[in-house]
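I have placed the structure first, in the form of structure tokens, so that the comments after it can refer back to it.
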Amino acid sequence: MTASRSSLRTSLRYRCQLRQAAAERRAETHPLTWRLHDDNRPLGFDEYLDMDGYAAVREVLGRQSPDEVIDQVKEANVRGRGGAGFSAGMKWSLTMKGEGIPRGYLVCNADEMEPGTFKDRLLLEQQPHLLIEGMILGGYANNSRYGYIFLRGEYVEAARAVTQALEEARAAGWLGKDIAGSGFDFDIALHTGAGRYICGEETALISSLEGSRANPRAKPPFPGQSGAWGKPTVVNNVETLCNVPAILRHGVEWYQGLSGGRSDDGGTKLYGVSGRVNEPGLWELPIGTTGQELLDLAGGIRDSKALKTWLPGGGSTGFLLPEHLELPLDFDTVGQYGSRMGTGLLTVVTEEQSVVALLRNLEQFFARESCGWCTPCRDGLPWVVKILQSIERGEGEQGDIELLEDLAVKLGPGKTFCAHAPGAAMPLQSAIKHFRDEFERGISHRARAAHEDPIPVGEV
Amino acid sequence: MNSTAATRNDATIATDGDAFVLHGDDRRAIEHELAHYEQPQAACIEALKIVQRRHGWVPDGAIPAIATVLGVGAADVEGVATFYSLIFRQPVGRHVILVCDSSSCFLTDYEALYDALAEVLGIRFGQTTSDGRFTLLPVCCLGACDRGPALMIDDDTYGPVEPDDVAELLEAYA
Ligand SMILES: Cc1cc2nc3c(=O)[nH]c(=O)nc-3n(C[C@H](O)[C@H](O)[C@H](O)COP(=O)(O)O)c2cc1C
Ligand code: SF4
Ligand code: FES
């Protein structure tokens, strides 16, 4: 009895697992994952060192200027892997630095909470030294005084791995004063969160890091001008930072070549698939891999069902159709089809699943996770949920779909302090566009003069 | 500890029945955190987590006690404590179950898993079993979507958890 109990616990325990075997992964083609073990054991410090670890730090610090580092990251065109796809090199070139400007902070965004996203966890749990190396290089390029890894509180395993790796790196002189004899001083602290999706938004993350409620801040000033404690602050996603060491080690041309002509973006991407597929999972693949290739790797849809629709990169991206499976998944391409690449982890919806119900689930998430600062987001999202619930029950009213469309506009870009509300608007807008008939089937009542119990939605 | 905190602690006796005393180790742990930041307020969330690790939740009296150690206002600490979903401002069970209710787990039927949990435990989201053993809460995507539906019990993440697994899985948590 005891044995079976512990074996159920063991067999159900979540272990982050890349779906490519070590034999398939090489340094030249899989810069993010080639070192990882097959059995999801974290890569040890010595192993990392033996496999070219911290070589980029040794090569770059004190030998190249920070501007040279930034130029290479810019030319490599590594786009932000947190979902927005902003050029990391461009961001770094805009950080305030120089005579008379105080040294600021480099913050790694490890808050991973976007529904459907499970990629940063792999790097954090199994290869924290790669992230630390990327942060040292980022800190050097941005003249940062100190680094923080802002890690969501639920990632307990990752916290353990990161803590140990920070100690190892510090003991070996990769963190602290005069790193590798370069004269550059830099250290990193782990900061763990306590819930709330909004902490992942970069200005809210800074508020949270400072120990306040995670309310986003208006931009400008951008964090690169005035961020944590008013100092220049660079916020980058885990995966973005993990791309940096290999770029500096193997060069821009090599990095650009990784996408093999599939995309103008450089490098590889951690792509994944979840939902009702036969073998959900995570892969490191050239950027520009198509949805179809991913769906095939995931073994197709369970029970031989057909694909109805999919989200390309988390809950705040727009619904795409089966015909879009042939598109290369990169930031510019997906952006042309009413969606975004987002985090690049696909959520698959099958023919028998309801888009209205899924959308209701997503909007409940956004409503619950709103920080409550702006009116359209705070009051509009619960209203959206309420309408979707009535349509789901088949009790929608004439005019509800138009009302949802109107709300989606009010939640859209530029109307709120942060991109949370636009993130909620994108699946709403795209679901109505592609599946209007499903919404119409949920409308059974004639329009009333005024909506019962209306919730006012105004401008900020 | 200075007199302000002592007075506030006295004040909470009437409502709580128990005076809150910040454990010496916890105070040292909080003070240690201060070194990582430019301003003491930044250690606030970690301080709340340190207290919660010991008590299971953050009792009212802990708020002014933490404020005193950090040298910030109690209202600021309270504002932070109530904002974050993993800081518990009321007592929770010995084990906290966090059930992912986000999109991928919705598509792999977390609702059936939730129904099974609710039935076995006799509680809904936000409630604690009468024996004080479990508290059941929803949580944002746990980053385990490839094995949904996923849940966490204390520090352990599990998935995919079938409704039939629930009773046996919970047995491991006394
Ligand atoms: C509501 C919201 C939540 C976000 N959550 C995350 C997150 O968990 N992780 C992340 O890296 N970026 C997240 N972002 C994006 C960040 O604001 C920011 O763009 C990113 O951290 C920048 O890093 P990158 O350029 O390397 O991607 C979020 C944005 C919004 C609006
Ligand atoms: S858009 Fe929503 S989450 Fe963002 S600041 Fe406004 S209320 Fe807060
Ligand atoms: S949606 Fe449940 S773990 Fe990601």
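Only residues in region A:79-91 that are without any contact (Cβ under 8 Å) to a residue 12 or more places away in the chain count as the first member; pair them with residues that are of a type outside the set (Ser, Thr, Tyr), Cβ under 7 angstrom, at least 6 apart or cross-chain, and list the lot.
Close Cβ pairs (under 7 Å, with a partner that is of a type outside the set (Ser, Thr, Tyr)) amount to A:86/A:79; A:86/A:80.
Tell me, yes or no, whether region A:117-139 has at least one residue that is of a type in the set (Gly, Ala, Ser) and within 12 Å of ligand 1 (Cβ to nearest atom).
Checked region A:117-139: at least one residue is of a type in the set (Gly, Ala, Ser) and within 12 Å of ligand 1 (Cβ to nearest atom).
Restricting the first residue to region B:91-103 and requiring it to be part of a loop (DSSP other than H, G, I, E, B), which pairs with a second residue that is among the basic types (Lys, Arg) and surrounded by fewer than 24 Cβ atoms within 10 Å (Cβ to Cβ) meet a Cβ separation below 9 Å and a spacing of at least six or different chains?
Filtered contacts from region B:91-103: B:93/B:133; B:94/B:133.
On the given criteria, is residue A:264 under 20 Å from residue A:118 (Cα atoms) and away from every other protein chain (no Cβ under 12 Å)?
no
Out of all the residues in region A:218-248, which are in contact (Cβ under 8 Å) with a residue 60 or more places away in the chain and charged (D, E, K, R)?
Matches in region A:218-248: A:231, A:239.
Give the residues of region B:2-32 that are of a type in the set (D, E, K, R) and modelled with pLDDT of 95 or more, sorted by residue number.
Listed by number, the residues that qualify are B:25, B:26, B:27, B:28, B:31.
How many of the residues making up region A:175-232 are away from ligand 3 (no atom under 16 Å from the Cβ), outside any loop (DSSP other than H, G, I, E, B) and under 20 Å from residue B:80 (Cβ atoms)?
Summing the residues that are away from ligand 3 (no atom under 16 Å from the Cβ), outside any loop (DSSP other than H, G, I, E, B) and under 20 Å from residue B:80 (Cβ atoms) in region A:175-232 gives 17.
What are the residues in region A:169-183 that are out of contact with any strand residue (DSSP E or B) (no Cβ under 7 Å at 6 or more places or on another chain) and crowded, with 19+ Cβ neighbours inside 10 Å, if any?
Scanning region A:169-183 gives A:169, A:174.
Taking the conditions exactly as written (within 22 Å of residue B:41 (Cβ to Cβ), surrounded by 17 or more Cβ atoms within 10 Å (Cβ to Cβ), assigned by the TED database to the domain that holds residue A:82 and within 16 Å of ligand 2 (Cβ to nearest atom)), does residue A:198 satisfy them or not?
Answer is yes for this residue.
Got a number for residues in region A:88-116 being within 16 Å of the chain's Cα centre (by Cα) and under 26 Å from residue A:210 (Cα atoms)?
The qualifying residues number 10.
Please go through region A:347-374 and give me each residue that is of a type in the set (A, V, I, L, M) and within 10 Å of chain B (Cβ to nearest Cβ), ordered by number.
Hits for region A:347-374 are A:348, A:349, A:357, A:358, A:359, A:362.
Of the residues A:165, A:161, which single one is more than 16 Å from ligand 1 (Cβ to nearest atom), within 22 Å of the chain's Cα centre (by Cα) and assigned to a helix (DSSP H, G or I)?
A:161
Within region A:375-392, take every residue that is more than 14 Å from chain B (Cβ to nearest Cβ) and hydrophobic (A, V, I, L, M, F, W, C) and give me the one that is nearest to ligand 1 (Cβ to nearest atom).
Result: A:377.
What pairs come out if I take residues in region A:369-392 that are closer than 26 Å to residue A:441 by Cα and pair them with residues that are within 16 Å of ligand 1 (Cβ to nearest atom) and of a type in the set (Lys, Arg) whose C-beta lies under 9 Å away, six or more apart or interchain?
A:381/A:368
Taking the conditions exactly as written (within 16 Å of ligand 3 (Cβ to nearest atom), among the charged types (D, E, K, R) and touching a residue at least 12 places away in the same chain (Cβ under 8 Å)), does residue A:157 satisfy them or not?
Answer is yes for this residue.
Looking at the structure I just gave you, is residue A:120 of a type outside the set (A, V, I, L, M, F, W, C), within 16 Å of ligand 3 (Cβ to nearest atom), modelled with pLDDT of 95 or more and closer than 26 Å to residue A:253 by Cα?
yes
So for region B:145-160 (the condition being farther than 11 Å from residue B:99 by Cβ, within 16 Å of ligand 1 (Cβ to nearest atom) and of a type outside the set (S, T, N, Q)), does at least one residue qualify?
Yes: region B:145-160 contains one or more residues that are farther than 11 Å from residue B:99 by Cβ, within 16 Å of ligand 1 (Cβ to nearest atom) and of a type outside the set (S, T, N, Q).
Filter region B:156-173 down to the residues that are of a type in the set (Ser, Thr, Tyr) and within 7 Å of another protein chain (Cβ to nearest Cβ), then identify the one that is surrounded by the most Cβ atoms within 10 Å (Cβ to Cβ).
Checking each candidate, the answer is B:157.
Filter region B:136-155 for residues that are more than 18 Å from residue B:118 (Cα to Cα) and either more than 9 Å from every other protein chain (Cβ to nearest Cβ) or surrounded by fewer than 17 Cβ atoms within 10 Å (Cβ to Cβ) (or both) and give the result.
B:155
The values are calculated or read from the model by the stated rules, or taken from the named source; none is laboratory data. Here the structure is a predicted model, which means the values were calculated and not measured. Neighbour counts are summed over all protein chains in view; Cβ atoms, including those assigned to glycine, are modelled from backbone coordinates with ideal geometry.
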